[in-house]
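The values are calculated or read from the model by the stated rules, or taken from the named source; none is laboratory data. Since the structure is predicted, the reported quantities are computational estimates derived from the model, not experimental observations. FYI the Cβ positions are ideal-geometry reconstructions off the backbone, even for glycines, and counts take in every protein chain you see.
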Amino acid sequence: MFQRPLSAEYTGLTPEETVTRIAAAKATLGSDLAILGHHYQRDEIIRWADYRGDSLKLSQIAGLHPEAKYIVFCGVHFMAESADILTNDDQIVILPNMSAGCSMADMASIGQVEAAWEAFGEVTDTSRIIPITYVNSTAAIKDFVGRNGGACCTSSNARKVVEWALAKGDKIFFLPDQHLGRNTAVGLGLDPEADMLLWNQNAPDGHGGTTPEKIRASKVLLWTGHCSTHARFKVEQIEKAREDFPGVQVIVHPECSLDVVKAADLNGSTEYILKVISEAPAGTIWGVGTEINLVSRLAQEHPDKTIFCLDPVVCPCSTMYRIHPHYLLWVLENLVNGVVVNQVKVKPEIAANARIALQRMLEIV
Ligand code: SF4
C-alpha cells in the first residue's frame, strides 16, 4: 500500500505540539469520530483511542457505533478492511498510514490461494475441504473462504471454528498462519506429522512441495505463513526465563511455533493474555511471548507483578509501529477540513462473501 510522505508541516512538529493539535481536532470532530486502538499500538497512539482491543473486537465495536461517521483505525490494513466490511455503508474507515500492513496477511495472495485450491482439486474433492482463514488476512482471502463454504477465525475462537469445519468436511485448509492452524489442530488431538501438511506456495516444484498422496491423507492443509513478530520467540528464551525467574509462569500467543507453545505454561489470544495476567495475584511473575507494546503496557498497569517479554531484544510489530502520531494528526485535521484521506474501502463484490465468512464465525462461536 502506498503512503505519500507527510509534509514538514507535520514531521517538524514537536511531541507537545502534536498532542495539542490532536486533542483540538478530536474535540472538534466530537461524536462523528471514533478512534480504535489495537493493543499493539504505541502508548502515544493508545492514549487517543476511544476503544482498545484486538482486531475483531475493534471491528465489531465500529459496527456497534453507527453514529460515528469516521472510524480511524489505529492498527493495520486488514483490520481496517474488516471494520469497513462490518460497518454500514455511510461510515468511513480510515487507516492513518497506508503502509501499515501485516507481514502475515501479505504471505497469502489471492492468486496463490486460488492456485493451491486448483491443485487440491486435481487430486481430491474440494467440496469436502473447508477453508478457514485467520482474520489476519486480506479481504480477498476472506471472500475466497466465504464463497467456498468456510469461515474466519480469531486466535480466541480458532478451536471452535476448526471443530466445526472438521465436522462439516473431510479436511480443512487453514490460512494464512501455519502456527495457529497447527497449534489448534494439535490441541484437538491431531498429529502434526501424520494428519497435517504444509503447502508451500513458493515451492519450486509448483505443487506446494508436497505429493498427491499426502494431500489425500492429510486432514489439515496448512498455508506457509507466519507472524514475523511472534516467530521471534524461541524455546531457549523460555528456558532462560525459568532459570532467571524461579516460579515464573510463561504465557505465549498461539501465533508462536508449536515447540514454543508446548514449552509454555499457557497460550492464548491477546485478550486471553490480558485477562490472565490482569487477574493473577500480586507477586506473580510472568514471562510473556507477544508484542512488546502490549507487554510493556501490562507491566506499567500492574506494578504489583513482575511482567517481562521473553524476547530480550525489543520486538514491536514493525508495521503497527508505522502509525505515528503525526499520521494520526494528519488524518484528523483533514477530516476537520472536510477532506477524507486514507479511506479503506473494500469492493462490494468482495465484501459480500468476506462478510459471510465473518458472520459464519460469529454464528459458530
Ligand atoms: S503482530 Fe504479526 S500478525 Fe499481528 S499485525 Fe503484526 S505482523 Fe501481522
| Wholly within segment 37-114, strands (runs of 3 or more DSSP E) carrying at least 3 residues that are surrounded by fewer than 22 Cβ atoms within 10 Å (Cβ to Cβ) | 51-53
| request: Mind telling me which of the residues Pro96, Pro176 ends up being assigned by TED's automatic domain parsing to the domain that holds Val76 and under 18 Å from the mean Cα position of the chain (by Cα)? | output: Pro96
| note | Note on Lys171: of the conditions (1) farther than 18 Å from Thr224 by Cα; (2) more than 16 Å from the ligand (Cβ to nearest atom); (3) touching a Ser or Thr at 6+ places or on another chain (Cβ under 8 Å), unmet is (1)
| field | Counted residues, segment 181-221 - those being under 20 Å from Ser155 (Cα atoms) and either of a type in the set (Ser, Thr, Tyr) or within 16 Å of the ligand (Cβ to nearest atom) (or both) | value | 4
| request: Name every residue in segment 1-36 that is closer than 25 Å to Glu301 by Cα and either of a type in the set (D, E, K, R) or assigned to a loop (DSSP other than H, G, I, E, B) (or both), in order of residue number. | output: Glu16
| Which of (1) buried (at least 21 other Cβ atoms within 10 Å of the Cβ); (2) part of a loop (DSSP other than H, G, I, E, B) does Ile307 not meet, given it meets every other one? | (2)
| remark: Here the qualifying pairs (Cβ atoms under 7 Å; residues six or more apart or on different chains; first in segment 305-331 and more than 17 Å from Met79 (Cα to Cα); second among the basic types (Lys, Arg) and more than 9 Å from the ligand (Cβ to nearest atom)) come out as Asp311/Arg232; Cys315/Arg232; Leu329/Arg21
| query | Inside segment 214-234, can you point out the residues that are among the small types (Gly, Ala, Ser) and either under 19 Å from Val288 (Cβ atoms) or under 16 Å from the mean Cα position of the chain (by Cα) (or both)? | reply | Gly225, Ser228, Ala231
